[in-house]
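Chemist: The structure under discussion is supplied below as structure tokens; questions concerning it will follow.
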Amino acid sequence: MNIISNIKTSGCETAPVLRERGQREVFCGLTSIVWLHRKIQDAFFLVVGSRTCAHLVQSAAGVMIFAEPRFATAIIDERDLAGLADIDDELDRVVNRLLERRPEIKMLFLVGSCPSEVIKLDLKRAAARLNREHLPKVRVLNYSGSGIETTFTQGEDACLATLAEDLPVASGKANLLIAGALPDAVEDQFKRLFKDMGIECSFLPGRRANDMPAVGPNTVFLMAQPFLGDTARVLKERGANALLAPFPFGAEGTTLWLKAAADHFGVSDAVFEKATEAPRKRAEMAMASFQKSLGGKSIFFFPDSQLEVPLARFAARELSMQLVEVGTPYLHTQHMAHELALLPAGTMLSEGQDVDKQLDRCRAARPDITVCGLGLANPLEAEGLTTKWAIELVFSPIHGYEQAGDLAGLFARPISRAERLAV
Ligand code: SF4
């Protein structure tokens, strides 16, 4: 099995990391509602926030034209502490009206935000109060998507951590839990691969409120997303054990991720090979067509999603791209250990952000492609740099073998478009 035996482990595990704490340019955790509301089909996300929050969620998720939306914002206007009791009443009224009108809602998330009036509110208490009224018909949970506490993918982490606290207790049987919201098609692919190895798995989040996985001391979990620090902590508190591995991006990452579970469950090499050989070859073939156009091209990652380190590993090792700087909002050294080991030695790693300094480094390097937030993409494009929106890499199906070619294509297309324009 060439892909595993070829691995070098002399990467960046102990490499110095530039830590910056300055002005940041990144979306807040409310953004993750855009993909979470599609994932849990009978959940509703009620943002408790300001008009700014409503505007962000509406414009980021402005795709729900035909369906009745499964998110909304309860707008809390300026109020002093004396007005807080009224807010509780008002919130209860909004929730009661919503649940009356939408009986299909089985799970309601109260999502906190950062206006000071909201910070003063105790949403945990509000959720407990509403549960007394609405359980078992509707489960009310709360988490924060505030821009003070979360970047955009951390909204998912906060949501899943809350869900993880609430999961049913697993029976004694050993079970595998995949943590992280994935498109249904990707989930089905992983499910089939594990099934071919004789492993049953469940996913967090489940697709419906009453279809959430169980967790207990015989649960092992694999993270499908690298930004789930809090979720992992809660799962461990519930007795589950983490399987650490590279993340399932590209043929190599996917193989190593699957192998971590296969080894834990005692799957033989022959069975593993039989289950993975064909899709792995398909992934390698799909990527081959992009390797020519991407090999040797330089890439710069601004810190947005925490996907940067795994994607950089994929770009360097499977597409032969050159890493100029790999920025990440937060570097979880334990969860990233396998990824860091695979990065080319000497990779420039940065954590946090001082956006002006980072922009200066990017401009000086003039990379062939820059992965960054929407706010930086337009100015950089205007300066002649080619960009890819970090958020697109979170929205798009990019995990697993069958998506490896599409992932390479996400980097290749902007570069070839820029090259065509330059001719
Ligand atoms: Fe803005 Fe904070 Fe609302 Fe996010 S949570 S939209 S950062 S006010």
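The values are calculated or read from the model by the stated rules, or taken from the named source; none is laboratory data. Computed from a predicted structure; not experimentally measured. Quick reminder, even Gly has a Cβ in these numbers, built from the backbone with ideal geometry, and neighbours come from all protein chains shown. Calculation scope for accessible area: heavy atoms of the full protein, side chains included, ligands and nucleic acids excluded. Shrake-Rupley method; radii C 1.70, N 1.55, O 1.52, S 1.80 Å.
Chemist: Show me the ranking of peptides 323-331, 249-257 by mean Cβ neighbours inside 10 Å, starting with the highest.
Modeler: Going by the mean number of other Cβ atoms within 10 Å, highest first, we get 249-257, 323-331.
Chemist: Taking Lys106 as the anchor, which lysines have their alpha carbon closer than 30 Å to its alpha carbon, excluding any fewer than eight residues away along the same chain?
Modeler: Cross-link targets: Lys39, Lys120, Lys124, Lys137, Lys173, Lys191, Lys195, Lys236.
Chemist: Could you give the semi-axes, largest first, of the ellipsoid that matches segment 96-147, computed as the square roots of 5 times the alpha carbon gyration tensor eigenvalues and rounded to whole Å?
Modeler: 22, 11, 9
Chemist: For Met285 and Ala15, what is the calculated FRET efficiency with R₀ set at 45 Å and r taken between the beta-carbons, to the nearest 0.05?
Modeler: Given R0 = 45 Å and the Cβ-Cβ separation, E is 0.85.
Chemist: A further question follows. Can you give the charge dipole size of the chain about its Cα centre, rounded to the nearest 20 debye, using +1 on the beta carbon of Lys and Arg and -1 on the beta carbon of Asp and Glu?
Modeler: The calculation lands at about 720 debye.
Chemist: While we're here: Quick query: amide H of Gly373 versus all other amide H atoms, modeled in the peptide plane; which residues come in under 5 Å with a sequence gap of 5 or more or a different chain?
Modeler: Under 5 Å from the amide H of Gly373: Ala390.
Chemist: Based on the inverse mean of 1/r over its pairs of different Cα atoms, what is the Kirkwood hydrodynamic radius of segment 353-393, in Å?
Modeler: In segment 353-393 this quantity evaluates to 10.2 Å.
Chemist: Taking the radius of gyration and the Kirkwood hydrodynamic radius from Cα positions alone, what is the Rg/Rh ratio for segment 210-304, to two decimal places?
Modeler: Taking Rh as the inverse mean 1/r over Cα pairs, Rg/Rh reads 1.06.
Chemist: Using the heavy atoms of the protein chains and a 1.4 angstrom probe, tell me the accessible area per residue for the chain in square angstrom.
Modeler: Counting only protein heavy atoms, the per-residue value for the chain is 43 Å².
Chemist: May I pose another question? With labels modelled as points extended 7 Å from the Cα through the Cβ direction, what inter-label distance (nm, one decimal) is found for Ala278 paired with Asn131?
Modeler: Between Ala278 and Asn131, the simple spin-label model gives 4.6 nm.
Chemist: Could you order the peptides 25-32, 91-98, 402-409, 281-288 from most to least packed, using the average number of other C-beta atoms within 10 Å per residue?
Modeler: Highest to lowest by the protection proxy: 25-32, 402-409, 281-288, 91-98.
Chemist: Right, here's the next one. In whole angstrom, note down how far apart the Cα centers of segment 368-402 and segment 99-175 are.
Modeler: First find each Cα centre; the distance between them is then 30 Å.
Chemist: While we're on this one: For the chain, divide the Cα radius of gyration by the Kirkwood radius and give the resulting Rg/Rh value with two decimals.
Modeler: When Rh is taken as the Kirkwood radius, the ratio is 0.98.
Chemist: Okay, next question. Positive end of the charge dipole of the chain (Lys, Arg +1 and Asp, Glu -1 on Cβ, about the Cα centre): tell me which of Leu182, Cys53, Val94 has its Cα farthest that way.
Modeler: Looking along the dipole axis, the top candidate is Leu182.
Chemist: Now, a different point. Positive end of the charge dipole of the chain (Lys, Arg +1 and Asp, Glu -1 on Cβ, about the Cα centre): tell me which of Leu18, Pro279, Leu135 has its Cα farthest that way.
Modeler: In the chain, that residue is Pro279.
Chemist: Mind putting a number on the dipole of segment 281-423 about its Cα centre? Charges go on the C-beta only, +1 for Lys and Arg and -1 for Asp and Glu, and I need it in Debye to the nearest 20.
Modeler: Charge dipole, segment 281-423, about its Cα centre: 480 debye, nearest 20.
Chemist: Kindly rank 140-146, 300-306 from highest to lowest mean number of other beta carbons found within 10 Å of each residue.
Modeler: Packing order, densest peptide first, comes out as 300-306, 140-146.
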